[in-house]
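Below: the structure, in C-alpha cells.
Derivation of every value follows stated rules applied to the coordinates shown; laboratory data play no part. This is a predicted model, so every value here is computed, not measured. Don't worry about glycine lacking a Cβ; one is built from the backbone with ideal geometry, like all the others, and counts go over all protein chains shown.
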Amino acid sequence: MNPLLSVTGLTKSYGAVEVLKGIDFDVAPGEKIALIGPSGSGKSTCLRCLNFLEKPSAGEVRLDGERIGVRHDRPMNDRQLAPQRAEMGMVFQLFNLWPHLSVTENVAIAARKVRGLPAKEARELALEMLAKVHMTHRADASPLELSGGQQQRVAIARALAQKPKLMLFDEPTSALDPELVHEVLKVMEELALEGRTMIIVTHEIAFARDIADRVLFLDGGRIVEEGPARELILTPREPRTQAFLRQIRH
Amino acid sequence: MSALSTFTLILEGLLAGAGITIAVTLASLLLSVSLGFLLALVRQFAKSPMLHALIDAYCEVMRNIPALTHLFILYFGLASLGLRLSSITAAILGLGLIGGAVTCDLFRAGFAALPKGQREAALAVGLTPLQAISDILTPQAMRIALPSLGNYAVQLLKDTSIVSAIAAPEIMFYARSMVTSSFQTTLIYTTVAVLYLAISLPLMQAIRMLEARYGRVKT
Ligand SMILES: Nc1ncnc2c1ncn2[C@@H]1O[C@H](COP(=O)(O)OP(=O)(O)OP(=O)(O)O)[C@@H](O)[C@H]1O
Ligand SMILES: [Mg+2]
C-alpha cells in the first residue's frame, strides 16, 4: 500500500543550529505513530514541519503523493499552503482555542471559511464533531469557561471538523492537570479505534504502547530507533532509548 | 440685564460651538481610528522593511511635534502655498492625522498581546493569512485596544479646544470672543467646563457600553 505520508531527508536549522538532522519515515493509511524523545530533541519541530508551520530547511514531505509546501520547485507562501494545511488536523499543547468565538464557532469556522459550507451545515458538522469528543453540552460556552481537558477536547473537534487525512498531536495532555489527562486520552483512543491516521508526540509512554502501531524515538534531531510500539517500549535496543525510557518511568 | 438672561445668552453662544466641537471630535476620531488601524495592520503584518520604516517615521513625526504646529502648517502653511482649507477641515485633518499615529500604537499593542498560537491555529485549520487577520486576530486585538481607544476619544474631545487657534468656531472659540466683549470671564469659562463635561460624560458612557458588549470576553 502506498504511504499516506512520506517524509524524506527532513532537515531544519535555526541559524547555525541544526535541530532536525535528516528525518525519514512513512506513515501508512490508518497507522498510529507515537513520536517520543527527550525535551529539545526536535519532536515539536518535526511535527510542525509536516504542515509547514515551520519551513523545513531541506527535505520532502508528501501527503497522498502530493508535495507539501513546494510547487514547481518554488516554496509556497502561507496563502498557497492553506488548502494543504486543511488536510492535516493539528492539536496543540496549549489548545489555542479562539477565545472570542463560542465553542461551536471554534469548530465551525474552518468549515465555513475554508470549505465554504453554509452556516447551518457548518454548525451541524460542528455539533457532530463536538459529540465525538463528548462536548455537546458546552456547545454555546466560551472556551474561557472550560477546563483544560474540555478545551483540548474542543480543539480536537476543531481539527476533526477539517475532515483531515491525518491528525497531528503535539503533547496534547502535557499542559493538563493530572486528573484531566484521562478524558483527553480516552477521546484519542476512540479516534484511534475509528482507524484514523495519527501522529502523536507524547510523554504518555503507556498510552503510546497501547495505542500506537509504531514508535519513533527521536534524540538530537535524529530518529535513533523505531519499531512496533510494544517491542520498542518493552525491549528497546539502543542504549539512548533504554536510558530515556528508564528515566521517564521512574 | 438680569443674571439669568446673561447666562442664557452665554449658553446660546456656546451651544453654537458645541455642535462644531462634537462634529470635529467625531470626524477626526473616525479618521484617526481608520488611519491608525490601517497603519497598524501594515506595520504588524506586511513584510516590507521599507513600509515599516515609513510608518515608524510617520508616527515619530506626528508624536514629536506639537498639535498646534501641525494645525498651523495645515491651515496657514498650505494656504500660503495656495491650498486653502477651511478651518474645520484643517482641524479634522490635523487631529485625525496626529490621532492616526496614536491609535496605530494602540492597535499594534492589541495585536502584539495575542499569543503566537492564535495565528498558528488559524493557519493550521486552513485559513489564509488574511482570514486569520480578519476573523481571528483583529476581533481580539480590537477588544484589547478598546479601553485605551476610549481614553483617546475623550482626550481628543478635550484637544479640539486648541483648534480655536485656527478660528474653527467651536466652544472655546465662542467663549474667547464672548469674554472679550462681555468680560463675564468666570461665568463663561465655568459654563464651558460644564459643557465639556456634558459631552464627555455621555461619550464615556457610550464607550463603557461598548466595552461591556465587546471589551471583556463574556463569562
Ligand atoms: N524558533 C526557534 N528558534 C530557535 N531555536 C528553536 C526554535 N524552536 C525550537 N528551537 C530549538 O530546537 C530544539 C528542538 O525543539 P523542539 O521544540 O522541537 O523540541 P521538543 O522535542 O518538542 O521538546 P519538548 O519535549 O520540550 O517539547 C530545541 O533545542 C529548541 O531550543
Ligand atoms: Mg515540544
Determine the dipole magnitude for chain B: charges of +1 sit on the beta-carbon of Lys and Arg, -1 on that of Asp and Glu, nothing else is charged, the reference point is the Cα centre, and the result goes in debye to the nearest 20. 460
Specify the inter-centroid distance of segment A:88-119 and segment B:23-83, based on alpha-carbon positions, in whole Å. 37
Between 0 and 90°, nearest 10: helix B:87-112 axis offset from chain B longest Cα axis: 30
Neighbourhood net charge (14 Å Cβ-Cβ; Lys/Arg +1, Asp/Glu -1) for B:Ser182: 0
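Using DSSP to call loops (not H, G, I, E or B), can you name the trypsin sites (Lys or Arg not before Pro) in segment B:127-219 whose Cβ has at most 14 other Cβ atoms within 10 angstrom?
On the way: sites: B:Arg143, B:Lys158, B:Arg176, B:Arg208, B:Arg213, B:Arg216, B:Lys218; in loops: B:Arg216, B:Lys218.
Passing sites in segment B:127-219 are B:Arg216, B:Lys218.
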List the pairs from A:Lys43/A:Lys163; A:Lys32/A:Lys163; A:Lys32/A:Lys55 whose alpha-carbon separation is above 20 Å, in the order I gave them. A:Lys43/A:Lys163; A:Lys32/A:Lys55
Sorted by mean Cβ packing within 10 Å, highest first, what order do the peptides A:222-229, A:42-49 take? A:42-49, A:222-229
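Averaged over A:93-101, how many beta carbons belonging to a partner chain fall within 10 Å of each residue's beta carbon?
Details: counts 1, 4, 2, 9, 3, 10, 7, 13, 5.
Per-residue shielding by partner chains comes out at 6.
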A:Arg67 to B:Ile73: FRET efficiency via 1/(1 + (r/R0)^6), r the Cβ-Cβ distance, R0 51 Å, to the nearest 0.05? 0.35
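With Kirkwood's inverse mean 1/r over C-alpha pairs for Rh, give me the Rg to Rh ratio of segment A:98-164, two decimals please. Provide the component values of the computation, followed by the final result.
Working: Rg = 10.5 Å, Rh = 11.3 Å.
Rg/Rh for segment A:98-164 comes to 0.93.
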Are there trypsin sites (Lys or Arg not before Pro) in segment A:53-108 that DSSP puts in a loop and that have at most 11 other Cβ atoms within 10 Å, and which ones? none
Selection of chymotrypsin sites (Phe, Trp or Tyr not before Pro), segment B:113-219, meeting DSSP coil and at most 16 other Cβ within 10 Å: B:Phe183
Compare A:Gln152, A:Gln162, A:Gln93 in a GNM of chain A, Cα atoms joined below 10 Å, and give the one with the largest fluctuation. A:Gln93
Can you give the convex hull volume of the alpha carbon atoms of the protein assembly as shown per residue, in Å³? 201
So if we plug the beta-carbon distance of B:Leu26 and A:Leu144 into 1/(1 + (r/R0)^6) with R0 = 30 Å, what FRET efficiency do we get, rounded to 0.05? 0.35
If a/c stays under 1.5 just call it rounded; otherwise compare a/b with b/c (prolate if a/b is bigger, oblate if not). Do that for chain A, with a ≥ b ≥ c from the square roots of the Cα gyration tensor eigenvalues. oblate
Relative to the longest principal axis of chain A, what angle (0 to 90°, nearest 10) does the C-alpha long axis of helix A:103-113 take? 80
Taking chain B as a Gaussian network, where each spring joins two C-alpha atoms under 10 Å apart, which residue of B:Thr89, B:Thr190, B:Thr25 fluctuates the most? B:Thr190
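Under a Cβ-Cβ cut-off of 13 Å, what is the net charge of the residues other than B:Ala113 that fall near it, where Lys and Arg count +1 and Asp and Glu count -1?
Numbers: positive: B:Arg108, B:Lys116, B:Arg119, B:Arg143; negative: B:Asp105.
Once all neighbours under 13 Å are counted, the net charge is +3.
Take the alpha carbon gyration tensor of chain B, find the square roots of its eigenvalues, order them as a ≥ b ≥ c, and report rounded if a/c is under 1.5; if not, report prolate when a/b exceeds b/c, else oblate.
On the way: a/c = 3.73, a/b = 1.77, b/c = 2.11.
Oblate, since a/c reaches 1.5 and b/c is not below a/b.
To the nearest 20 Debye, how big is the dipole of the protein assembly as shown about its Cα centre, given +1 on the beta carbon of each Lys and Arg and -1 on that of each Asp and Glu? Mind showing how you got there, number by number?
Details: 47 positive and 42 negative charges, 114 e Å.
Using only the charged Cβ atoms, the result is roughly 540 debye.
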